[in-house]
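One structure below.
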Amino acid sequence: MKTVAAFVAGLMAVACSLASGQSLNWNLTGSAGILDSGDKLFFTQNNITVTASAWGYTYGSSDNALEQAALGQWNVGMGVVSGTEDPSGVDHQLDNAGPDEWVLFVFSEKVQITGVTVDPYGVYDRDVTYWTGNVSTNIDLTGKTYADLASLGFNGETSDSSTASESARTVPVTNPAGGVNAILFGAKRGEYSGSDIDRFKITAMSTSSIAAVPEPTGLLLGSLGLLTLFKRRR
């Protein structure tokens, strides 16, 4: 009986380790420069594709909702140019000096997003805000407010604060155990000034795939079958 218990426990341990999924690191740097407003970038690894698009809280005459912005990609990472910003200066980074700016990442399947690395071009504060969730793969945020995000499949807003620096930092990301297929990520929500302005580019993102967990009953039956065969052979 002890042999049976040890054998089944071993197989369960293997199943749990397989269920943890495969870790992937997404390098978001490149040389695409500033894209046209609304254009997207695509990244693929191990049959998983992530689509990146840029958004600014610049909709309407009062800047009171989201609309498409211009996504940029450089050797430091990805940035956003929204509204009337000048892309030749520091404004090509994600910032909150004026209307908020965001990059929306949508994955082709559910993943666990474990971290996002940001890197400021210069010495700037590096506070962030993000939402994770499960959304439609063809989601359109045009005209949507922050209050609308929950109805689109996003979870609650999360902010993570840091200090002013010219160094990169990796922001730990919290998401549900079942995984998510999207993250809306940017500088801390709100319009700031002076030393409180957050500015950075998004350099990389780390994820873990969601693997299928074997059914306990099926795993147990299979384990006992293998053990019976093993005993018969002995």
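The values are calculated or read from the model by the stated rules, or taken from the named source; none is laboratory data. These numbers were taken from a predicted model, which means no experiment stands behind them. Glycine also receives a Cβ, built like all others from the backbone with ideal geometry; neighbour counts cover every protein chain displayed. Side chains included, ligands, DNA and RNA excluded: accessible areas come from the protein's heavy atoms. Shrake-Rupley method; radii C 1.70, N 1.55, O 1.52, S 1.80 Å.
If each residue of separation counts as 0.36 nm, what is the full-extension length gain between S108 and D86 once their alpha-carbon separation is subtracted? Spell out each step's value before the answer.
Numbers: separation 22, 0.36 × 22 = 7.92 nm, distance 3.30 nm.
Gain on extension, S108 to D86, equals 4.6 nm.
Accessible surface calculations at 1.4 Å, restricted to protein heavy atoms, place region 76-134 at 29 Å² per residue.
For region 74-191, the calculated P(r), taken from all Cα-Cα distances in 10 Å bins from zero up to the bin holding the longest distance, is 13, 44, 35, 8, 0 percent.
Counting only residues at least eight positions apart within a chain, or on another chain, the aspartates and glutamates with an alpha carbon under 13 Å from that of K201 are D91, D95, E101, D119, D125, D127, E166. Give the aspartates and glutamates whose C-alpha is closer than 12 Å to that of K144, dropping any in the same chain fewer than 8 places away, or say none. Reachable aspartates and glutamates: D63, E67. A crude spin-label estimate for the pair D39 and S162, with each label 7 Å from Cα along the Cβ direction, gives 2.8 nm.
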